[in-house]
Amino acid sequence: MDKEFDIKTVMAWTAPKEDGAPIIAMPNVPAPLHGVAPRTVLGNTTWTHMRKKCYFDADYKSQISGIDLDGSTNDLRCNAHELYSYDYVHGIAYFERPVCISPIEHNFIHSGRMLTMYKKGNPLMPKEYLLKVVENGFREIHDWNIAHPNERPIRAYATLVDYAKTPGIAEEIRDLIDKYDIKFYKEDDKIMAKWQDWKLKIGKLEYKTPYEDRKAWAKAMEENDKTNHNVAMENALTGGVFDEIDKIIDGLKD
């Protein structure tokens with residue numbers, strides 16, 4: 001455990017049943033299940049129906065912050081995010097429901113991917129936008145904790161600690177951690193399931209990891225990176241980058 005930051009280890013993460021800031025504290029998807037999601041395994045037709053119904057049921061508002069997502073700008077477009085519960089001991093991700101959120105909230109949840117893009121110097125993830133995403137997420141967590149003093153405080157997923165150790169953004173991130181009194185959690189590495197045991201459960205359906213081991217996963221991620229760099233995409237400052245990356249990685253067609 002990193003003694004510099006307040007990090008709690010957990011054996012599971014349970015998705016919140018109610019809307020609000022607890023959603024934005026969802027952990028990153030475990031590496032064995034990258035590429036395994038309802039939008040891929042259920043097919044484009046089913047996922048398109050699910051996400052559009054999700055937008056309608058949410059009245060085209062973010063289910064995290066409640067802001068209207070009227071699509072007038074890329075920052076205010078509806079994004080559908082798959083909400084999971086995780087059992088790290090047995091290596092199971094349970095798909096709970098899709099949620100309607102904003103692009104900036106979506107990027108915060110996928111903090112691991114965002115940091116990887118930044119470290120590689122991807123022009124789609126400039127420092128200004130990354131800091132904007134992080135501060136927005138920290139603010140939503142902080143405001144929720146202040147508004148719910150009798151409930152267990154929300155902690156941010158510990159990938160954000162890596163941001164505080166990354167050259168070029170470390171000082172700004174540390175300032176934000178202090179400003180919003182952010183504490184963290186991470187999965188307990190000592191009890192983690194073996195790579196080959198990981199699976200996604202959607203109701204009674206089960207989907208195993210598509211990668212034999214971490215080496216195979218790393219190779220697949222490298223190929224995705226090459227694809228991303230060879231395709232012209234919208235700048236992240238406009239807020240449209242997440243949908244474009246999804247189309248490439250997951251084959252999602254609007």
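Since every read-out is calculated from the coordinates, none of them should be taken as a lab result. These numbers come from a predicted model, not from an experiment. Note: ideal-geometry Cβ built from the backbone for every residue, glycine included; neighbour counts use all protein chains shown.
Remark on the chain: ratio of C-alpha radius of gyration to 2.2 N^0.38 Å is 0.97. Relative contact order, whole percent, for the stretch 38-113 stands at 28, derived from Cα pairs under 8 Å and 6 or more residues apart. What does the C-alpha gyration tensor say about the overall shape of the stretch 158-231? Classify as rounded when a/c is under 1.5, otherwise prolate if a/b is larger than b/c, or oblate. Verdict is oblate for the stretch 158-231.
Peptides 196-202, 213-219 ranked from most to least packed by the mean count of surrounding Cβ atoms within 10 Å: 196-202, 213-219. As a rough guide to protection, the peptides 66-75, 144-153 ranked by mean Cβ packing within 10 Å, highest first, stand as 66-75, 144-153.
The lysines whose alpha-carbon is closer than 30 Å to the alpha-carbon of residue 183, local same-chain residues fewer than 8 away aside, are 3, 8, 17, 61, 119, 120, 127, 132, 165, 194, 199, 201.
Shape of the stretch 71-210 from its Cα gyration tensor (a ≥ b ≥ c, root eigenvalues): rounded if a/c is under 1.5, otherwise prolate when a/b > b/c, or oblate? It comes out rounded by the Cα gyration axes. In the stretch 7-250, taking the dipole from charged Cβ atoms about the Cα centre, the farthest positive-side position among 93, 167, 72 is held by 93.
Amide H contacts of residue 96: 83, 84, 85, each under 5 Å away and 5 or more positions distant or on a separate chain (H built 1.01 Å from N in the peptide plane; Pro and chain starts excluded).
From the square roots a ≥ b ≥ c of the eigenvalues of the alpha-carbon gyration tensor of the stretch 4-91, which class results: rounded (a/c under 1.5), prolate (a/b over b/c), or oblate? Because a/c hits 1.5 or more and a/b fails to exceed b/c, the stretch 4-91 counts as oblate. Check residue 20: other-chain or 5+ apart residues with amide H under 5 Å from its amide H, H built from backbone geometry? It is 64, by chain and number. Spin-label model, residue 213 to residue 190: label points 7 Å out along the Cα-to-beta-carbon direction sit 2.6 nm apart. Each label point was placed 7 Å from the Cα along the Cα-to-Cβ direction; for residue 49 and residue 127 their separation is 4.8 nm.
With the highest mean first, a sort of the peptides 78-88, 15-25, 162-172 on other beta-carbon atoms found within 10 angstrom per residue produces 78-88, 15-25, 162-172.
Among the helices of the chain, those built from whole DSSP H runs whose Cα atoms reach 27 Å or more along their own axis and whose mean Kyte-Doolittle hydropathy is at least -0.5 are 127-147. Put in line by how crowded their Cβ is, counting other Cβ atoms within 10 Å and starting with the fewest, 54, 100 read 54, 100. A Cβ-based charge dipole, computed about the Cα centre of the chain with Lys and Arg at +1 and Asp and Glu at -1, lands at about 720 debye.
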